[in-house]
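One structure coming up, written as structure tokens, with questions to follow.
The values are calculated or read from the model by the stated rules, or taken from the named source; none is laboratory data. Note that the coordinates shown come from a computational prediction; the quantities given were computed from them, not determined experimentally. Glycine gets a Cβ as well: all are built from the backbone with ideal geometry, and neighbour counts include every protein chain shown.
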């Protein structure tokens, strides 16, 4: 299997982890030798209820028996998609009420950018340095990391970059600006939270000049920060909300949400302003609906903040400079890239799954399922501290 993996499946890096998966349940992933790995990553924030959650798998199996794909997006009334978008609207502040379902987060970003241009009649987009919004051409155009995109130029024109949390840069938002697109919490940059009412200031600038504010909640959304969406912590409501990852409960999904008035501009002039074949797929929508019901109907969001406190209490070590983030969207920042790499690789050997962030080489991702138990957190953190002790002792 391993040789076929490298021969037939295209790789994204020269050295993938290449662990061969047998099955997964709860907070654990098992390899084909039946070794258990405690999962502190949750498919990069995409499995908020862990693996093989009974309510999610039941919803999927039930929908499988009814129908799969029947028509391109938006033509037929399909109950899972309608109920999903309604539940989203019921849990969002005004005016966010109408949702377009896509196949991935990056596709939702593309739709949001198109919507902003179409609605404002403007072309300029303002994004943030060290931002990550996906890897298609439009999403890459608003990626604030030149090293990752220089090989693929030319990209979209009229994109300007500002520094996240730097209010002095907000003068770049003008009457030429169609939209400002920001991650509510910067992910790839190292889980950077907005400070000093930064998002409120951006919101006010957009309102003043008639620009739209797009907030990318693909990582922080769906309960991970202790609220359903991260923006709820920062007194800022976007014009267009983008989500993905955790919304699907382990299935591929993206979505962008706006007011009915704003979203309706994609219907006409031209017609078919944004289209997709498989967006709103009934099986995926059923999975997402079950996931969203479980997260909004229980205590997982409030528990995420309690579990954050436990992580911060347990992860104290001379090689840990700081822990960034909120809820169960956390990043350990070590004292060097070398230590970060060693910790991630040695953790896998010891049965704990950790992972990197895109642009911050000293960061280690901790985004476990929201369902992870305190006992599992304690077990995983003990492995981290044990490895850091080994590294520390080797260097002294």
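So is residue 324 touching a strand residue (DSSP E or B) at 6+ places or on another chain (Cβ under 7 Å) and within 22 Å of residue 28 (Cβ to Cβ) or not?
The answer is no for residue 324.
Looking for whichever is at pLDDT 95 or above and buried (at least 24 other Cβ atoms within 10 Å of the Cβ) here; the options are 190, 249. Which one fits?
Sole residue among the options that is at pLDDT 95 or above and buried (at least 24 other Cβ atoms within 10 Å of the Cβ): 249.
Of the residues 221, 138, 210, which single one is surrounded by fewer than 20 Cβ atoms within 10 Å (Cβ to Cβ), modelled with pLDDT of 95 or more and not assigned by TED's automatic domain parsing to the domain that holds residue 367?
210
Mind telling me which of the residues 165, 130, 169 ends up being more than 17 Å from the chain's Cα centre (by Cα), at positive phi and either in a loop (DSSP other than H, G, I, E, B) or free of Cβ contacts under 8 Å to residues at least 40 places away in the same chain (or both)?
Unique residue meeting the criteria: 165.
Ok, one more. Specify which of the listed residues (113, 92) is assigned by TED's automatic domain parsing to the domain that holds residue 165 and assigned to a helix (DSSP H, G or I).
113
Which residues, taken from the stretch 22-78, are free of Cβ contacts under 8 Å to residues at least 12 places away in the same chain and either part of a loop (DSSP other than H, G, I, E, B) or surrounded by 13 or more Cβ atoms within 10 Å (Cβ to Cβ) (or both)?
Result: 30, 33, 57, 71, 75, 76, 77.
Can you name the residue in the stretch 360-396 that is part of a loop (DSSP other than H, G, I, E, B) and in contact with a helix residue (DSSP H, G or I) (Cβ under 8 Å, 6 or more places away or on another chain) and, of all such residues, is nearest to residue 145 (Cα to Cα)?
Looking at residues that are part of a loop (DSSP other than H, G, I, E, B) and in contact with a helix residue (DSSP H, G or I) (Cβ under 8 Å, 6 or more places away or on another chain), I get 361.
Can you pull out the residues in the stretch 308-331 that are under 19 Å from the mean Cα position of the chain (by Cα) and not in a helix (DSSP H, G or I)?
If the condition is that a residue be under 19 Å from the mean Cα position of the chain (by Cα) and not in a helix (DSSP H, G or I), then 323, 324, 325, 326, 327, 328, 329, 330, 331 are the ones that fit.
Would you check if there is a residue in the stretch 180-202 being farther than 25 Å from residue 331 by Cβ, in the same structural domain as residue 256 (by TED's automatic domain parsing) and touching a helix residue (DSSP H, G or I) at 6+ places or on another chain (Cβ under 9 Å)?
Among the residues of the stretch 180-202, not one is farther than 25 Å from residue 331 by Cβ, in the same structural domain as residue 256 (by TED's automatic domain parsing) and touching a helix residue (DSSP H, G or I) at 6+ places or on another chain (Cβ under 9 Å), which makes the answer no.
If you go through the stretch 285-307, how many residues are in a helix (DSSP H, G or I) and free of Cβ contacts under 8 Å to residues at least 40 places away in the same chain?
Total satisfying the criteria: 2.
Which members of the stretch 343-386 meet the condition of being more than 20 Å from residue 36 (Cα to Cα) and either at pLDDT below 95 or surrounded by fewer than 21 Cβ atoms within 10 Å (Cβ to Cβ) (or both)?
356, 358, 359, 361, 362
Inspect all residues belonging to the stretch 315-324 and state whether any of them is closer than 19 Å to residue 43 by Cα and either at pLDDT 95 or above or outside the structural domain of residue 40 (by TED's automatic domain parsing) (or both).
The answer is no; no qualifying residue exists.
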